[in-house]
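*Asks:* Okay, here's the structure, questions in a sec.
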Amino acid sequence: MIDVIEPSKKSELVSYPIRDIVQEAKKVEAQGVKMTYLNIGDPGPFGFRPPQHILTAVKEAIDKNYSGYAPSGGDPELCAAVAKYENVTPRDVFITSGLSEGIDFLFQAMVDPGRNILLPSPSYPLYLTKQRVSFGSEVFYNCDDNWIPDVSTMRGTITPYTKAILVISPNNPTGAVYSRKILQEIVNIAGEYNLPIISDDAYEMLVFEGEKVNLREICKDVPLVSGGSLSKNFIYPGARVGWLAFHGDKWEKVKDAIQRLCNQRLSVNWEMQRGGIAALNGSMDFLAVFNSELKKRRDVLVKKINAFDGLRMPSPRGAFYALVEVTPAYAAKWKSDKELALELIKNGVVIVPGNGFVGPELRGRLFFRIVFLPTVKQLESALDTIETVLKSRM
């Protein structure tokens, strides 16, 4: 008789710290503790809404009965809108269920056991999970103390098994925005080693300080795949509409693989894709207001953290995340980042332990990621709680 049905070994490789911590928070919240959730990048709970013209387009699509299967690769009008935005042809575009599915498809299409996509450290944890599930090797390029890629050491991380270089700017989890100079140097290295670049552009419109530049402006002879979505740039994560746009003429076999993966999952919600058309073809005026609100919150975050010697954080210049380091004297009082996270939950603040974002060279230090989407008052209160909890061990 079977006592326990065992899951697959592959499933044991899956982790997603951004949501995994929520289970613990819900247990404490059920006991009456009011929570401030600084763990997940969802603007909706903090009062932000998608632009009305996108919502109107979705409603009209429902009314017009866009209820069947869409074409597997995406609504042709949306593919055309993305192609215009990305400056490629519609046959270079695939619509995915959020950029998360696009990431999944890229790893399935490109990574065999023992191969790797070169990841930044810190990095969005979904990439590391997909590398593991593909039985790829875990290889990272490092960033400096301001979370900017250290291009001087990048060549040393490339091996004969490297399939592509991943770039995330603006960066999740750090909020770093890479300069044109840094991006050009990465392109030069990719060209030198005959490698394509994967550009995670989930936050490309959310730059509130410094130079706004995208790899599609720089990559000429180097193949590039750009991934975007409605989730963050258009404040609509629940739409689950993303895309992959392939730049260059060397992608045909990979595009064939992506098409097959699109076919086997049938399609992305059609009514939401109609919203995507409105997003890309409509007004972008909302971005100035959104970026202004993000900068206001970022400034509060920087001021509070700089006033406390127990925390260190390079100032984010885009997106709405910060990767915060607990300074050594305070970090020494905690066994792990998870122990700190659980103690903060008991006190009503949910952050994400940092180990899920960093490569091995940073795992001996204590980091956590926070989202600065809440109101100024909520942020100040949460940061006061974090400071109080850290000081309680001193």
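The values are calculated or read from the model by the stated rules, or taken from the named source; none is laboratory data. Predicted, not measured: the structure shown is a model, and the values here were computed from it. In this analysis, Cβ positions are derived from the backbone assuming ideal geometry, glycine residues included, and neighbour counts consider all displayed protein chains.
*Asks:* Please find, among TYR178, TYR124, TYR161, the residue that is free of Cβ contacts under 8 Å to residues at least 40 places away in the same chain, touching a strand residue (DSSP E or B) at 6+ places or on another chain (Cβ under 9 Å) and assigned by TED's automatic domain parsing to the domain that holds ALA257.
*Replies:* Criteria check complete, one pass: TYR178.
*Asks:* Quick test for you: out of SER292, SER315, pick the one residue that is among the polar types (S, T, N, Q) and over 20 Å from the mean Cα position of the chain (by Cα).
*Replies:* SER292
*Asks:* Something else: Test each condition in (1) under 28 Å from GLU293 (Cβ atoms); (2) in contact with an Asp or Glu (Cβ under 9 Å, 6 or more places away or on another chain); (3) not aromatic (Phe, Trp, Tyr) for THR327 and report the one that comes out false.
*Replies:* It is condition (1) that THR327 fails.
*Asks:* Please name all residue pairs, on different chains or six or more residues apart, with Cβ atoms under 7 Å, provided the first residue is in segment 220-237 and is among the basic types (Lys, Arg) and the second residue is not in a strand (DSSP E or B).
*Replies:* Close Cβ pairs satisfying both conditions: LYS232/GLY41; LYS232/ALA202; LYS232/TYR203; LYS232/LEU206.
*Asks:* Got a sec? Which of VAL241, VAL213 is in the same structural domain as ASP92 (by TED's automatic domain parsing), closer than 17 Å to VAL93 by Cβ and more than 13 Å from the chain's Cα centre (by Cα)?
*Replies:* VAL241
*Asks:* From the list ASN269, ASN281, which residue is surrounded by fewer than 16 Cβ atoms within 10 Å (Cβ to Cβ) and under 25 Å from the mean Cα position of the chain (by Cα)?
*Replies:* Testing whether each residue is surrounded by fewer than 16 Cβ atoms within 10 Å (Cβ to Cβ) and under 25 Å from the mean Cα position of the chain (by Cα) leaves just ASN281.
*Asks:* Just to be sure I understand the filter: pairs with C-beta atoms under 6 Å, separated by 6 or more residues or on different chains, first member in segment 190-209 and under 10 Å from PRO223 (Cβ atoms), second member in a helix (DSSP H, G or I). Which pairs pass?
*Replies:* Listed by first residue and then by second, the contacts come to ILE197/ALA190.
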